[in-house]
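Chemist: Got a structure for you, written out below as structure tokens; questions coming shortly.
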Amino acid sequence: MKNLYRMRTLTLAALFTMLSFSITAAEYYVVIGTFAQEANARKFAKRVGTAFKDVTYSFNETRKLYYVHVMKTSRKEEARNWTLYLRKEKGFRDAWVLAFPEVRENSLGVAGPQEHRAPRYVQEGSHSIGDDNALASSSSTDEFVKYDVAHAGNATSANVSWTVNGDISFTSGLKNLKDFTRDELLSTSQRFTFVVENAEGKVLPVEVMLVNYEKVKKIAGFMPGEEVAIRGAKKNQMVTFVCDELGYSMETKMFNIDNPSRGRDIKQKEDGVWEVRFKLKKLQVNEISFMNKTNFYKDAAVLESSSEQEMNNLVLMMQANPGYKIIVHTHCNPGGPRDIRIPAGKNYFDLEGAVEKSGSDKQLTKKRAEVLRNYLVEHGIQEKRIGVVAWGSRDPLVARTAPDAYINDRVEVELVAE
């Protein structure tokens, strides 16, 4: 056994000696793009910049090419594993490792452009390398981009996944992480958890939404007790949380990520996590509550099956408050004359059994409002307590051509008497 150990030690020493002649203070770069024009390298680096913290590009004097790279490390294995991860999991099939000074061919175990293929040239004005699928992990800032935090030694075993949306990055499910990972997150971001209560202090299992305040757009939803890490792309980035539950007034909380203590109803616990507390008040007369989980099929007055839970919650709210009178407001996206699918009888969730009838935007929302009222009546709510207003497409929240135009199709409940 001792002889075997000695032989392995001598072998490693010999390998180290051989490598010392071919590598001089090597640095390893994980490259995801190769460009002949600097303008294209700059555009591509900016495009993927939301998904990678350290994206940059450099010029290779020998090859007269611009390399866009997302990691620089002195650890060969870290660069190799991260490259394999990008290829296999994130769609960057042309990712490769560049060593400077360059090492011998195949020494990294990851093929670069000097191996088996020539460098890929990109014409002026192009935004991609190779086919479009090679950039499956990148997108505009209005889309979600997920990437993984790789720890030294094994990028494919990383267990933290960040989601980027504009200037905000977040990751959840932190309670199952190892302590060293949690500590690392704490040093680079702020961690939050949530408590939602009613006016009497009863804890409510209600979703808290992370929203883009400027675009009035939901980014993600978290449940009370869940732990989430958030970081901003710039100093003093603001983050907005919204709690909007049926039967309660909407509550909004906005914090400076760098200084959360300045906000209301937030305190830092001993473990460093910021606890955000929502105390919801019951809906007041003339206030409107959005039914965020009640949706209809496209061009139909038929409810999607996922809407049943919220519809039942509306029934419970009306049963628990016998003095309530409401108006149900229905809206849709502009579409003009169309074939509208209408439920047959009381089959509110049956799209296949629906009948078709030609109608306008106004008629579509009228049929939807009637379906909602009929559902409540069937579940014991007096019809005289339910008013309906069909808006058609007259009150859109965003332009019909916007990426999130689907939010124009919505249901609102207004409390008019209690």
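The values are calculated or read from the model by the stated rules, or taken from the named source; none is laboratory data. Quick caveat, the model's predicted, so the values are computed rather than measured. Because the Cβ atoms are built from the backbone with ideal geometry, glycine has one as well, and the counts that use them run over all protein chains shown.
Chemist: So Lys293 passes all but one of these: (1) touching a residue at least 40 places away in the same chain (Cβ under 8 Å); (2) surrounded by 16 or more Cβ atoms within 10 Å (Cβ to Cβ); (3) outside the structural domain of Val242 (by TED's automatic domain parsing). Which condition number does it fail?
Modeler: So Lys293 meets the others, but not (1).
Chemist: Can you name the helices (runs of 4 or more DSSP H) wholly within segment 1-109 that have at least 2 residues being modelled with pLDDT under 70?
Modeler: 2-22, 76-89
Chemist: Within segment 368-400, work out how many residues are closer than 30 Å to Ala320 by Cβ, in a loop (DSSP other than H, G, I, E, B) and of a type in the set (A, V, I, L, M).
Modeler: Selection size over segment 368-400: 2.
Chemist: Now for a different question. In segment 241-290, what count of residues is obtained for those that are under 21 Å from the mean Cα position of the chain (by Cα) and surrounded by fewer than 13 Cβ atoms within 10 Å (Cβ to Cβ)?
Modeler: Residues in segment 241-290 being under 21 Å from the mean Cα position of the chain (by Cα) and surrounded by fewer than 13 Cβ atoms within 10 Å (Cβ to Cβ): 0 in total.
Chemist: Is it true that Thr365 is in a strand (DSSP E or B), crowded, with 17+ Cβ neighbours inside 10 Å, in the same structural domain as Glu412 (by TED's automatic domain parsing) and not hydrophobic (A, V, I, L, M, F, W, C)? Show your work before the answer.
Modeler: Working: in a strand (DSSP E or B): no; crowded, with 17+ Cβ neighbours inside 10 Å: yes; in the same structural domain as Glu412 (by TED's automatic domain parsing): yes; not hydrophobic (A, V, I, L, M, F, W, C): yes.
Against the criterion (in a strand (DSSP E or B), crowded, with 17+ Cβ neighbours inside 10 Å, in the same structural domain as Glu412 (by TED's automatic domain parsing) and not hydrophobic (A, V, I, L, M, F, W, C)), Thr365 does not qualify.
Chemist: Separate question: Looking at the structure I just gave you, is Thr401 among the polar types (S, T, N, Q), crowded, with 18+ Cβ neighbours inside 10 Å and without any contact (Cβ under 8 Å) to a residue 40 or more places away in the chain?
Modeler: no
Chemist: Scan segment 353-364 and tell me whether some residue there is modelled with pLDDT of 90 or more and of a type in the set (Lys, Arg).
Modeler: Yes, segment 353-364 has at least one match.
Chemist: So, in segment 287-297, of the ones that are modelled with pLDDT of 90 or more and part of a loop (DSSP other than H, G, I, E, B), which residue ends up nearest to Pro343 (Cα to Cα)?
Modeler: Out of the qualifying residues, it is Tyr297.
Chemist: Next up: Across segment 393-414, which residue is nearest to Thr365 (Cα to Cα) among those that are modelled with pLDDT of 85 or more and β-branched (Val, Ile, Thr)?
Modeler: Only one residue tops the list, namely Val411.
Chemist: So, one more: Say we look at segment 318-354 and pick out the residues that are part of a helix (DSSP H, G or I) and out of contact with any Phe, Trp or Tyr (no Cβ under 7 Å at 6 or more places or on another chain); which of these is surrounded by the fewest Cβ atoms within 10 Å (Cβ to Cβ)? Please lay out each step first, then the result.
Modeler: The initial filter retains those residues of segment 318-354 that are part of a helix (DSSP H, G or I), namely 318-320.
Subsequent filtering for residues that are out of contact with any Phe, Trp or Tyr (no Cβ under 7 Å at 6 or more places or on another chain) retains 319-320.
Details: Gln319: 12, Ala320: 9.
Filtering segment 318-354 for residues that are part of a helix (DSSP H, G or I) and out of contact with any Phe, Trp or Tyr (no Cβ under 7 Å at 6 or more places or on another chain), the one surrounded by the fewest Cβ atoms within 10 Å (Cβ to Cβ) comes out as Ala320.
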